[in-house]
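**Student:** The structure follows.
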Amino acid sequence: MHNHARVPVGVLGASGYVGQELLRLLAGHPGASVAFATAETAAGETVEGQRLIKTDDAQVARASCLPHGVSGRYVNDVRAAGVRAVDLSADFRLSAEAVYGLTEFARPRVATAELVANPGCYPTAALLALIPLAKRGLIDPGREVVIDAASGVTGAGRNARRELLFGEVAEDYRAYAAGNTHRHLPEVRAGLAREGGFSGDLVFTPHLLPVKRGILETIHVPLTRALDQGAAEALYEEAYAGEPCVLITRGALPSLKDVVYRNRVAIGVVPVSGVQRPRLTVIAAIDNLVKGAAGQAVQNMNVMLGFPETAGLAC
């Protein structure tokens, strides 16, 4: 850890679930301190000991990390001030202006980046689950990869909406954005092509879980050749050897209990029996607010600033 004074970090848009999670993580960070935290309608409220101020009142030149929902104008203000930033909105994820911050595969680029686009929650789990297979040419491009993903309600944001009321969500389970229409799908496609060289069909269906936080993705992968349990697990263990925020659950499948409040992805695999052509089922779990958002932003910030990668994080 550096011996100099703590790095000042500005949090723009701190009243949402991701912004609040980011403030929680930064409060325990050994090398960073929150210079300011902003909100609009919630200005004046206090979150994690930080009094929220209006964005226009913030000293943007001191910002180092931008959370979900930041408009391009504020990103441009930060860049004009010569400050490095991590943007948790979707604005730059498909843009050549930013480094796509899937830390495990973009670490060298993140280290020198001026602007990092933090990945979305669903794409983080899907890409970490699929890239090791894609890099080895094991995904059959002539058949669809099917991703069935389920997320806790915090993934839908903090704005009041009737369909997210407790009485609507509790004891229910439902799909949404069916038919390959979810906004995260282009991000998954782009990341898989860039990091794994795969550009075949993906079928992505998200679901709403009646829990606060967590994502569980069940991914059905058509293979170019059969893999037994041991070979599949060994492949993932080799791909993520030494990665502090990836857990391969050998001999078991992950659940949300393995990941909530942790900056980790938990991955388990099982070969599919009773099919004519080889398939592998990959289960990936993350906390949508941590590894899927605020935690990965801190992980990327740590890489950018030369801190230990897991500083302030529980993996």
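The values are calculated or read from the model by the stated rules, or taken from the named source; none is laboratory data. The structure displayed is predicted, hence computed values, not measured ones. Cβ coordinates were reconstructed from backbone atoms using ideal geometry, including for glycine residues, and neighbour counts include every protein chain displayed. All accessible areas refer to the heavy atoms of the entire protein, side chains included, with ligands and DNA or RNA removed. Shrake-Rupley method; radii C 1.70, N 1.55, O 1.52, S 1.80 Å.
**Student:** Return the residues of region 91-111 that are in contact (Cβ under 8 Å) with a residue 60 or more places away in the chain and either hydroxyl-bearing (Ser, Thr, Tyr) or open to solvent by 10 Å² or more (accessible area, probe 1.4 Å) (or both); say none if nothing qualifies.
**Tutor:** ARG93, LEU94, TYR100, THR103, GLU104, PHE105, ARG107, ALA111
**Student:** Quick check on my filter: what residues within region 168-194 are under 20 Å from ALA129 (Cα atoms) and in contact (Cβ under 8 Å) with a residue 24 or more places away in the chain? Please lay out each step first, then the result.
**Tutor:** Looking only at region 168-194, we keep the residues that are under 20 Å from ALA129 (Cα atoms), and these are 180, 182-194.
Hits for region 168-194 are ASN180, HIS182, ARG183, HIS184, PRO186, GLU187, VAL188, ALA190, GLY191, LEU192, ARG194.
**Student:** Something else about it: Which of the helices (runs of 4 or more DSSP H) found entirely inside region 67-137 contain at least 1 residues meeting this: at pLDDT 90 or above and more than 24 Å from ALA35 (Cα to Cα)?
**Tutor:** Of the helices (runs of 4 or more DSSP H) lying wholly inside region 67-137, those with at least 1 residues that are at pLDDT 90 or above and more than 24 Å from ALA35 (Cα to Cα) span 103-112, 121-135.
**Student:** Okay, moving on. Name every residue in region 120-137 that is closer than 21 Å to GLY214 by Cβ and open to solvent by less than 10 Å² (accessible area, probe 1.4 Å), in order of residue number. Step through it out loud before you land on a result.
**Tutor:** Taking region 120-137 and keeping what is closer than 21 Å to GLY214 by Cβ, we get 120-130.
If the condition is that a residue be closer than 21 Å to GLY214 by Cβ and open to solvent by less than 10 Å² (accessible area, probe 1.4 Å), then GLY120, TYR122, PRO123, THR124, ALA125, ALA126, LEU127, LEU128, ALA129, LEU130 are the ones that fit.
**Student:** Going by the structure shown, is ARG143 in contact with a helix residue (DSSP H, G or I) (Cβ under 9 Å, 6 or more places away or on another chain), open to solvent by 10 Å² or more (accessible area, probe 1.4 Å) and modelled with pLDDT of 95 or more?
**Tutor:** Numbers: in contact with a helix residue (DSSP H, G or I) (Cβ under 9 Å, 6 or more places away or on another chain): no; open to solvent by 10 Å² or more (accessible area, probe 1.4 Å): yes; modelled with pLDDT of 95 or more: yes.
So ARG143 does not fit the description; no.
**Student:** Looking at (1) under 21 Å from CYS315 (Cα atoms); (2) modelled with pLDDT under 85; (3) hydroxyl-bearing (Ser, Thr, Tyr), which is the only condition SER64 fails?
**Tutor:** It fails just one condition, (1).
**Student:** Now a separate question. List the number of the failed condition for SER33; all other conditions in (1) free of Cβ contacts under 8 Å to residues at least 12 places away in the same chain; (2) assigned to a strand (DSSP E or B) hold.
**Tutor:** The failed condition is (1).
**Student:** Pull up region 152-167, narrow it to residues that are more than 15 Å from the chain's Cα centre (by Cα) and not in a helix (DSSP H, G or I), then point me to the one that is modelled with the lowest pLDDT.
**Tutor:** So, considering only residues that are more than 15 Å from the chain's Cα centre (by Cα) and not in a helix (DSSP H, G or I), the one modelled with the lowest pLDDT is ARG158.
**Student:** Among the residues in region 168-177, are any at pLDDT 95 or above, part of a strand (DSSP E or B) and touching a strand residue (DSSP E or B) at 6+ places or on another chain (Cβ under 7 Å)?
**Tutor:** Checked region 168-177: no residue is at pLDDT 95 or above, part of a strand (DSSP E or B) and touching a strand residue (DSSP E or B) at 6+ places or on another chain (Cβ under 7 Å).
**Student:** Filter region 204-242 down to residues that are within 19 Å of THR124 (Cα to Cα), open to solvent by 30 Å² or more (accessible area, probe 1.4 Å) and assigned to a loop (DSSP other than H, G, I, E, B), then give me how many there are.
**Tutor:** So the count comes out to 5.
**Student:** Looking at (1) over 27 Å from PRO308 (Cα atoms); (2) of a type in the set (Ser, Thr, Tyr); (3) without any contact (Cβ under 8 Å) to a residue 60 or more places away in the chain, can you tell me which one THR249 breaks?
**Tutor:** Here THR249 meets the rest and fails (1).
**Student:** Can you give me the number of residues within region 265-315 that are surrounded by fewer than 24 Cβ atoms within 10 Å (Cβ to Cβ) and assigned to a loop (DSSP other than H, G, I, E, B)?
**Tutor:** So the answer is 17.
**Student:** A further question on this structure: For GLY197, which of the numbered conditions (1) in contact with a strand residue (DSSP E or B) (Cβ under 8 Å, 6 or more places away or on another chain); (2) within 14 Å of LEU130 (Cα to Cα); (3) not charged (D, E, K, R) fails to hold?
**Tutor:** Here GLY197 meets the rest and fails (1).
**Student:** Residues in region 243-263: is at least one buried (at least 16 other Cβ atoms within 10 Å of the Cβ), small (Gly, Ala, Ser) and in contact with a strand residue (DSSP E or B) (Cβ under 8 Å, 6 or more places away or on another chain)?
**Tutor:** Scanning region 243-263 turns up no residue that is buried (at least 16 other Cβ atoms within 10 Å of the Cβ), small (Gly, Ala, Ser) and in contact with a strand residue (DSSP E or B) (Cβ under 8 Å, 6 or more places away or on another chain).
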